[in-house]
Amino acid sequence: MLAYLDHHATTPSDPAVVAAMAPWWSEHCANPANRLYRPALEAAAAVERARGQLARVLGSSAETVIFTSGATEANNLALKGVCEAALAAGNPRRRLVSLVSEHRAVLDPLAYLGRHGFPVSLVPIQPDGLVDLAQLEAALGDDVLLLSVMAANNEIGVLQPLAAIAALCRQRGVLLHVDAAQAAGHIPLAIDELGIDLLSLSGHKFYGPKGVGALLVRPGLQLAAQLHGGGQQDGRRAGTLPVPLVVGLGQALLGAEADREERAGRLGTLRDQLWVGLEALGGIEINGGGLSGDGAPRLAHNLNVTVQGVDGTRLHRLLRQRLAVSSGSACSQGSPSHVLAALGRSRTEAAASIRFGLGRGSSDAEIALAIETVAAAVQELR
């Protein structure tokens, strides 16, 4: 038995999502951009239904939704698109602000923009993984154009205080981009109510297909397109839309929202059982906030721990025989975790860390297996 406990890296597609996508691969194959005949109009209607589904779940309007290939593209479109539009409009604000613990899909575009006339400031995080709001406020000077912050961290699962952050941005006239790749479908998100200007998401993080995501953009916000070659999506993102994937994205978010509360409660209980078993082994410490109201809030299905006194490479070599888990971001395997480094972990400690990401299929048996497997590895390595 191999226990799949890496749902932050990706989730299996919901069977209902696969079924919803099926007819659009071949039976209904028309291009939604061609409005000259009925099959194309049906494809366009399917795209608009999915657009409306995303908007309803996320508390916004359908016109805000731009379909992309995933959160990485959405983040690039948000950051580069805002900067190019601001430059064209003569906006004197240039500085971009983010947190040191952001995903590379935000940090790398920021580094690119930093080399092209947009200075970047990265705010540190506290030992629990949360940003200090006073430090953040101090960083939002009059020259700041945009703040980008992850709603839920992809490694340690902590939830940044979006309402308070959005309020600071409004006070300072700063645009707010939220990377919700790990949050959408897992925690409640109300874009308009919170005052979020741009929000990115990716379907495969909430039981949808790989290769599709979205950027939601506040109406009226100027955004320069990053892909050219067609007028699709009101000229904001060129390219023929993959109707099956778009349909799957909408269905997946509806399904994730339908069982979100029940799933969070069940997985939170399993996660706590996992921690109790691991803590009893001794020398294992939680990274980020505590559990069940003890410390910083975090995703119910996340647990990230450091195993003291063992070699990380040997630890994961033993774990992978029975567990599918990560030491950090799936997009940065082989590199030390910059998130754990920001928490004060050494390179050695970061290598000996384990990220558990529970999901719909996680069971008591898998949790027992995880505890047993870690215990055996620790006994062998210490």
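The values are calculated or read from the model by the stated rules, or taken from the named source; none is laboratory data. Source: prediction; values computed, not measured. Cβ sites come from the backbone with ideal geometry, for glycine too, and all protein chains shown count toward neighbours.
For residues in the range 82-100 being of a type in the set (A, V, I, L, M) and not in a helix (DSSP H, G or I), which is farthest from the chain's Cα centre (by Cα)? Checked the range 82-100; the qualifying residue farthest from the chain's Cα centre (by Cα) is L96. The residues on offer are S148, S121, and the sole one that is surrounded by 20 or more Cβ atoms within 10 Å (Cβ to Cβ), touching a helix residue (DSSP H, G or I) at 6+ places or on another chain (Cβ under 6 Å), at pLDDT 95 or above and hydroxyl-bearing (S, T, Y) is S148. In this structure, A111 qualifies as out of contact with any helix residue (DSSP H, G or I) (no Cβ under 9 Å at 6 or more places or on another chain), farther than 17 Å from I165 by Cα, at pLDDT 95 or above and assigned to a helix (DSSP H, G or I). The set of residues from the range 23-50 being in a helix (DSSP H, G or I) and either touching a residue at least 40 places away in the same chain (Cβ under 8 Å) or of a type in the set (K, R) (or both) comprises W24, R38, A43, A46, V47, R49, A50. Which one of L146, L122 is more than 19 Å from A342 (Cα to Cα) and part of a strand (DSSP E or B)? Residue meeting the stated conditions: L146. Contact annotation: residue pairs with Cβ atoms under 7 Å, 6 or more positions apart or on different chains, pairing a residue in the range 164-183 that is over 29 Å from T11 (Cα atoms) and in the same structural domain as N75 (by TED's automatic domain parsing) with a partner that is surrounded by fewer than 24 Cβ atoms within 10 Å (Cβ to Cβ) and among the β-branched types (V, I, T), are R172/V144; V174/V144.
Would you confirm, using the coordinates I've provided, whether V106 is in contact (Cβ under 8 Å) with a residue 60 or more places away in the chain and part of a helix (DSSP H, G or I)? Answer is yes for this residue. I'd like the full set of residues that are over 19 Å from the mean Cα position of the chain (by Cα) and either over 20 Å from G235 (Cβ atoms) or acidic (D, E) (or both), limited to the range 57-81. The one that is over 19 Å from the mean Cα position of the chain (by Cα) and either over 20 Å from G235 (Cβ atoms) or acidic (D, E) (or both): E63. Taken together, the criteria place L176 among residues that are at pLDDT 95 or above, in a strand (DSSP E or B) and more than 14 Å from the chain's Cα centre (by Cα). In this entry, G312 passes the filter for residues that are over 21 Å from H7 (Cβ atoms), surrounded by 18 or more Cβ atoms within 10 Å (Cβ to Cβ), not assigned by TED's automatic domain parsing to the domain that holds P124 and not aliphatic (A, V, I, L, M).
Considering the range 356-382, the residues that are under 21 Å from the mean Cα position of the chain (by Cα) and under 12 Å from L274 (Cβ atoms) include one that is surrounded by the fewest Cβ atoms within 10 Å (Cβ to Cβ), namely S362.
Just to be sure before I move on: is G250 in the same structural domain as Q126 (by TED's automatic domain parsing) and either of a type outside the set (G, A, S) or surrounded by fewer than 22 Cβ atoms within 10 Å (Cβ to Cβ) (or both) in the structure I sent? Judged against the criteria, G250 is not a match. Is one or more of the residues making up the range 84-95 more than 21 Å from Q222 (Cα to Cα) and either modelled with pLDDT of 95 or more or not assigned by TED's automatic domain parsing to the domain that holds R345 (or both)? No, because not a single residue in the range 84-95 is more than 21 Å from Q222 (Cα to Cα) and either modelled with pLDDT of 95 or more or not assigned by TED's automatic domain parsing to the domain that holds R345 (or both).
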